[in-house]
Amino acid sequence: MGSSARWTWVSWLKIVVFLLLCAPAVAMVVAVVSGRAGPNPIEFLTHETGEMGLRMLMLGLMLTPMRWWFKSTVPIRFRRMIGLFAFFYVIMHFAIYTVLDQQLDIASITEDLFKRTYIIAGFVSLVLLVPLAITSTKAMMRRLGKRWLSLHKLVYVASIAAVLHYIWLAKGDQIEPLVYAAILAVLLGMRLWRKFRRG
Amino acid sequence: MRDWMKMAGIRSSEITDETVFRQRRHLIQAAAAAGITGAIASEAHAKSNPLGMPVKKSDYTVDGELTSEETATTYNNFYELGTDKGDPVKNAKFLKTEPWSVTIDGECDAPGTYTLEDILKPHDIEERVYRLRCVEAWSMVIPWNGFALGDLLKRFKPNSNAKYVAFETVSDQKLPGMRSRVLDWPYREGLRIDEAMHPLAFMAIGMYGNVIPNQNGAPMRLVVPWKYGFKSIKSIVRISFTDELPATSWNMSAPHEYGFFSNVNPEVSHPRWSQAKERKLTGSAGGLSALFASKTETFYLNGYADEVGSLYADMDLKKFF
C-alpha cells in the first residue's frame with residue numbers, strides 16, 4: 001500500500017479528520033469562555049471530555065470492521081490518530097477531575113480510587129491506554145513486532161472499562177451509557193464472530 | 001399578573017393565632033441564638049414586586065453571596081422536563097400551571113381538591129434566603145418567596161394517624177422528560193410529620209421576588225433546606241397524610257443510594273461520591289473564573305443543625321441516611 005511519504009488523498013483526509021476531531025475540544029473551550037457551558041463548567045467539561053474519549057474509543061474500534069467491509073487497509077491508517085485522540089480526551093478528562101474538580105485533594109482522590117467502582121473502572125481504562133499511546137509510534141511498532149498487536153488488544157479491555165465507568169456513574173436509568181455498551185458489544189462481537197467462524 | 005396572584009395578594013386580616021405567634025417567637029430566638037441573621041425579625045418589610053403581593057423579609061437568611069437568578073433558573077434538575085441541567089428551562093413551556101389544583105387526602109379532617117387560589121389565600125408571603133445543597137455536590141443560595149409548610153398543612157387538620165406527609169409532582173401532562181422511564185412517574189417525595197411541621201420547611205411560590213419559573217417547580221414547590229435538593233419536590237399536585245412511610249422516587253430508583261431522609265451529611269458518602277465538600281454555584285455564570293471556584297466544606301444538615309438537629313437526636317444517621 002501507499003507509503004506515508006507520498007502525498008495522497010488519504011493524507012488530505014487525515015488532515016480533515018484531524019481538524020474534525022480537534023473541533024470538539026475547541027468548542028468546549030469556546031463554550032466555557034463564552035458562558036454557554038452554564039454555571040457549572042467543571043461538570044460540563046468533565047462530561048464532554050469523557051464522552052469524547054468514549055466516542056474516540058468506539059470510533060477506533062470501528063476501523064477494523066471497516067477494513068473488512070471495504071476490503072481496504074485505508075481505515076487502518078487512521079488508527080494511530082484516532083487512538084491518540086482517545087488518549088488525549090481521556091487524559092483531559094482525568095486532568096479536569098483531578099485538578100479542577102478535586103483540586104488535587106489527594107485524600108479525596110485516593111478515597112475515590114479505592115472506594116468507588118466507577119472511578120476504579122475509569123482509572124483502569126486510563127492506565128491501560130498509557131502503554132498503547134507510548135507504543136503508538138512506527139519505531140515502537142517495528143521494535144515490538146508481533147507483540148505490538150497483542151499489546152494493543154488491551155484497547156478492548158480499556159474500552160470495556162470505559163463503558164463500565166459510564167454505566168456505573170450515571171444517575172437513574174439513563175439510556176446513553178447503555179447505547180455505548182450496545183455499540184461496544186457489537187464491535188467486539190464482530191471480532192469474536194469472525195475469529196470463531198475462522199476457527 | 002396571574003389571577004391567583006391577585007387573589008393571594010389579598011392579605012388575611014386574621015390575627016396570627018397564638019401558637020403560630022409563639023412558634024415564630026421561638027424561631028426568632030433560635031435564629032438569633034444560632035447567629036443566622038442580621039435582619040430585624042418581626043418588622044414586616046413590605047415591598048411592591050412582580051409577585052404582586054407584599055413580601056415580608058424574614059429572619060431566615062444566610063451569609064455569603066447569593067446565586068444569580070440566571071444560574072438558579074437555568075441550571076436545574078427537573079427530570080419531567082429532561083435530564084440535562086439545561087433541559088428544564090428549554091422545556092419549561094410544556095408545563096401548564098393554569099388552572100392548578102392540589103388534592104389533599106389521607107389522614108386528615110379536611111381532605112379535598114383545592115384550587116391554587118384557595119391554597120394560597122390565607123398565607124402571608126415572606127422571603128427566606130436558604131442554602132440549597134444538591135445530592136450531586138453542588139450548592140446554591142436562593143431567596144425564596146412563600147410560606148411555612150406547617151401553616152399550610154395545619155389547615156387540613158391532620159389527625160393522630162398522620163405520621164408522614166407524601167407529595168406528588170404533576171404527572172397528567174405529557175411533559176417531554178416523562179417519555180423516559182428514568183424514574184417511576186409521578187415523582188414522589190415525603191417527610192416525617194415533625195419534619196414537615198418544622199418552621200424551616202417552606203412552600204415556595206416565588207424566588208428572587210418573581211413568580212417561580214416553571215423549571216423551578218411552578219406554581220408551588222417544597223423547600224427543605226437541610227435535606228438534599230431532590231427532597232424539595234416541585235410542581236406539587238397532591239399532598240397526602242399517611243401513617244406509613246411513603247415511597248419516594250429516588251429511593252425507589254436506587255434504595256442503597258438515596259434514603260428516605262436524605263439529610264445533608266458530610267459524614268455519609270453517596271456510594272459513588274463523597275459528600276464532604278460542595279461546589280458553590282454563586283459566582284457569575286460563565287467565564288474562566290468558574291473553573292477555579294473552590295470547593296467548600298459541606299455542613300451537617302446543610303448548616304441548619306441548630307434548628308433541626310433535634311429531629312434526629314436518637315437516630316443512627318448512617319443507617320437512616
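The values are calculated or read from the model by the stated rules, or taken from the named source; none is laboratory data. Note that this is a predicted model, so its numbers are computed, not measured. Here the Cβ positions follow ideal geometry from the backbone for every residue, glycine too, while neighbour counts run over all protein chains shown.
In this structure, B:Pro271 does not qualify as under 23 Å from B:Tyr130 (Cα atoms), within 14 Å of another protein chain (Cβ to nearest Cβ) and surrounded by fewer than 20 Cβ atoms within 10 Å (Cβ to Cβ). Select from segment B:78-131 the residues that are in contact with a Gly (Cβ under 7 Å, 6 or more places away or on another chain) and more than 14 Å from every other protein chain (Cβ to nearest Cβ) and list them in ascending order. Answer for segment B:78-131, where residues must be in contact with a Gly (Cβ under 7 Å, 6 or more places away or on another chain) and more than 14 Å from every other protein chain (Cβ to nearest Cβ): B:Leu81, B:Asn91, B:Ile104, B:Ile125, B:Arg131.
Answer yes if at least one residue in segment B:96-110 is surrounded by 14 or more Cβ atoms within 10 Å (Cβ to Cβ) and within 30 Å of A:Arg36 (Cβ to Cβ), and no otherwise. Yes, the conditions are met somewhere in segment B:96-110. Here B:Val268 clears all of (1) free of Cβ contacts under 8 Å to residues at least 60 places away in the same chain; (2) within 23 Å of the chain's Cα centre (by Cα); (3) outside any loop (DSSP other than H, G, I, E, B) except the condition numbered (3).
Residues in segment B:279-317 that are farther than 18 Å from B:Lys231 by Cα, modelled with pLDDT of 85 or more and assigned to a loop (DSSP other than H, G, I, E, B): B:Leu281, B:Ala313, B:Asp314, B:Met315, B:Asp316.
In segment B:83-120, the qualifying residues are those that are touching a helix residue (DSSP H, G or I) at 6+ places or on another chain (Cβ under 9 Å) and of a type in the set (Ser, Thr, Tyr), and the one that is modelled with the lowest pLDDT is B:Thr83. Is there a residue in segment A:66-82 that is within 14 Å of another protein chain (Cβ to nearest Cβ) and of a type in the set (Phe, Trp, Tyr)? Looking for residues that are within 14 Å of another protein chain (Cβ to nearest Cβ) and of a type in the set (Phe, Trp, Tyr), one finds none in segment A:66-82, hence no.
For A:Leu151, indicate whether it is modelled with pLDDT of 95 or more and either in contact with a strand residue (DSSP E or B) (Cβ under 7 Å, 6 or more places away or on another chain) or surrounded by fewer than 17 Cβ atoms within 10 Å (Cβ to Cβ) (or both).
Values: modelled with pLDDT of 95 or more: yes; either in contact with a strand residue (DSSP E or B) (Cβ under 7 Å, 6 or more places away or on another chain) or surrounded by fewer than 17 Cβ atoms within 10 Å (Cβ to Cβ) (or both): yes.
So A:Leu151 passes the test.
Can you pull out every residue in segment B:160-185 that is among the small types (Gly, Ala, Ser) and over 23 Å from the mean Cα position of the chain (by Cα)? Of everything in segment B:160-185, those that are among the small types (Gly, Ala, Ser) and over 23 Å from the mean Cα position of the chain (by Cα) turn out to be B:Ser160, B:Ser180. Just so you know, in segment A:49-101 the residues that are of a type in the set (S, T, N, Q) and in contact (Cβ under 8 Å) with a residue 24 or more places away in the chain include one that is nearest to A:Ile120 (Cα to Cα), and it is A:Thr49.
Residue check: is B:Met197 hydrophobic (A, V, I, L, M, F, W, C) and within 22 Å of B:Phe321 (Cα to Cα)?
yes
Per the conditions (1) in a loop (DSSP other than H, G, I, E, B); (2) in contact (Cβ under 8 Å) with a residue 60 or more places away in the chain, the sole criterion not satisfied by B:Val237 is (1).
Among the residues of segment B:225-234, is any assigned to a loop (DSSP other than H, G, I, E, B) and more than 27 Å from B:Asn145 (Cβ to Cβ)?
Within segment B:225-234, none of the residues are assigned to a loop (DSSP other than H, G, I, E, B) and more than 27 Å from B:Asn145 (Cβ to Cβ).
Close contacts from segment A:134-156, counting a first residue that is in contact (Cβ under 8 Å) with a residue 12 or more places away in the chain and a second that is in a loop (DSSP other than H, G, I, E, B) and surrounded by 10 or more Cβ atoms within 10 Å (Cβ to Cβ), with Cβ to Cβ under 8 Å and a gap of 6+ residues or different chains, come to A:Trp148/A:Thr135; A:Leu151/A:Thr135; A:His152/A:Thr135. For the condition at pLDDT 90 or above, surrounded by fewer than 19 Cβ atoms within 10 Å (Cβ to Cβ) and within 11 Å of chain A (Cβ to nearest Cβ), B:Ala276 qualifies.
Working carefully through the options B:Ser249, B:Ser240, find the one that is buried (at least 19 other Cβ atoms within 10 Å of the Cβ), within 14 Å of chain A (Cβ to nearest Cβ), among the small types (Gly, Ala, Ser) and touching a strand residue (DSSP E or B) at 6+ places or on another chain (Cβ under 8 Å).
Working: B:Ser240 fails: within 14 Å of chain A (Cβ to nearest Cβ).
Result of the check over B:Ser249, B:Ser240: B:Ser249.
The numbered conditions (1) surrounded by 19 or more Cβ atoms within 10 Å (Cβ to Cβ); (2) away from every other protein chain (no Cβ under 11 Å) are all true for B:Ala290 except (2).
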